[in-house]
Amino acid sequence: MSGSETGPGSQNESKSTYPKRRRTVQQVLQVPDTSSQAEESGDDNDDVSSVTSTEDCSDSPNVMRKRPRGKPRKCKLQFRCTNFLKEDHGQPIFGIQFNYNTKEGYPINFATVGGNRVTIYECLKEGKLKVVQAYIDADTQENFYTCAWTYEDVSGQALLAVAGSRGIIRIISPTTMQNIKHFVGHGNSVNELKFHPRDPNMLLSVGKDHSLRLWNIKTDFCVAILGGVDGHRDEVLSADFNIDGSRVMSCGMDHSLKLWNMNEMITNAMTLSYNYDVSKIKKTFPTVRNHFPDFSTRDIHRNYVDCVRWFGDFVLSKVHVCQRSPSGCKSHNFESKILTKK
């Protein structure tokens, strides 16, 4: 009798339990689809998803369904390639720079450097490009690495500075279509050029001789040399001014990042470079030499740092990382990190 009483009781419990579980599943399936709402509202709910099953069900009706895989996520900012070109010199293009000094309403120009050629393009409507000028160096062994735009402080005409493997910095005037000046000082290749954000005549160059040099392209003086005792121990690859030109961050083959302060001695030398008359004083210009950066580190990257840029009080640095997979193949990645100024 005890067995007969237990048997029917267990069957009744299973029959009463099964519809309850089934109703729970129906509650889950009746939850409205929020995938369309997630797409319209942005990325707030994109990462919230769950898989419903009859084996693991909860009594809570707030269970969201998984977003369908077939629908791609809508991108608010969509970019597309409107045009491309290939220069016929057959050499890598190492540098490209837009001219941000043009007035409103004037055409937008940019320059590219590769091999012994400098090419200036004009951006037209609908993504079309027009070749405006092309400068070819007389030395076929020249290989330009970098370029930078500036302007004459009196006439406002655009000027383009280029440099490369021969270590000669050339100043080109697109208006007169001539190479108006050149500077020699690094003794080896020049890897990057940057103009001062406040003074269009102050040009910063970094080179293979482990140093940074500041030039006045109007009076042809080398204002300052950054490097030496605590400077870079290998080739300097990149440098950048901050927004007001009071600091310079540099990087190079020695895996290091160095912060240089445009101190009072350098700023006084910049002012002196406009008024210094060699014919009267009978002495060469007193170039300032700074051997000690304000900050230096080699603990950020494991390989050489080939690019550094200021972003407000932040510094973005990039390094090329070559890794070998277990199969023996090499994979090339780019590692970037952001430093903050304290």
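Overview of values
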| item | result |
| --- | --- |
| Rounded accessible area of H210 (nearest 10 Å², 1.4 Å probe) | 70 |
| Area of D244 that stays accessible when all protein chains are in place (1.4 Å probe, Å², to 10) | 60 |
| Computed FRET value (nearest 0.05) for D277 with V229, which takes r as the C-beta separation and R₀ as 25 Å | 0.20 |
| Heavy-atom accessible area order for I266, I136, I168, largest first, 1.4 Å probe | I136, I168, I266 |
| Interchain or long-range residues, amide H under 5 Å from G167's placed H | V190 |
| Exposure rank, largest accessible area first [K282, K181; 1.4 Å] | K282, K181 |
| Rough spin-label spacing in nm, given labels placed 7 Å along Cα→Cβ, for Y106 and Q178 | 2.0 |
| Principal axis dimensions, the range 123-223 - Cα atoms, whole angstrom, descending | 44, 34, 23 |
| Net charge contributed by nearby residues that have their C-beta within less than 13 Å of Y276 (K/R +1, D/E -1) | +2 |
| Kirkwood Rh, Cα atoms: Rg over Rh of the range 96-138 | 1.01 |
| Accessible area (Å², 1.4 Å probe, nearest 10) - V154 | 130 |
| Stokes-Einstein diffusion coefficient of the range 160-298, Kirkwood radius over Cα pairs, 4 °C, 1.567 mPa s, in µm²/s | 85 |
| FRET efficiency for R289 and Q78, using Cβ-Cβ distance with R0 set to 51 Å, rounded to 0.05 | 0.50 |
| Exposure ranking of R233, R309, R170 by accessible area [1.4 Å probe, largest first] | R233, R309, R170 |
| Integer Hz, Karplus 6.51/-1.76/1.60 couplings in order for the range 226-242, x for Gly and Pro | 9, x, x, 4, 9, x, 5, 9, 8, 4, 8, 9, 7, 7, 7, 7, 7 |
| Globularity index of the range 139-191, i.e. its alpha-carbon radius of gyration over 2.2 N^0.38 Å | 1.17 |
| Whole-Hz couplings from phi, Karplus 6.51/-1.76/1.60, listed for the range 94-110; x for Gly and Pro | 8, x, 8, 8, 7, 8, 8, 8, 6, 6, 5, x, 7, x, 8, 10, 9 |
| The range 187-241, Cα convex hull volume normalised per residue, Å³ | 78 |
| For the range 263-272, 3J(HN,Hα) per residue [Karplus equation, 6.51 cos²θ - 1.76 cosθ + 1.60, θ = phi - 60°, Hz, x = Gly/Pro] | 6, 5, 4, 6, 5, 5, 5, 4, 5, 5 |
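The values are calculated or read from the model by the stated rules, or taken from the named source; none is laboratory data. A quick note: this is a predicted structure, and the numbers were derived from the prediction, not measured. As a convention, Cβ positions derive from the backbone with ideal geometry for all residues, glycine included, and neighbour counts pool all protein chains shown. When the accessible area is computed, the model is the full protein with side chains, heavy atoms only, and any ligands, DNA or RNA have been set aside. Shrake-Rupley method; radii C 1.70, N 1.55, O 1.52, S 1.80 Å.
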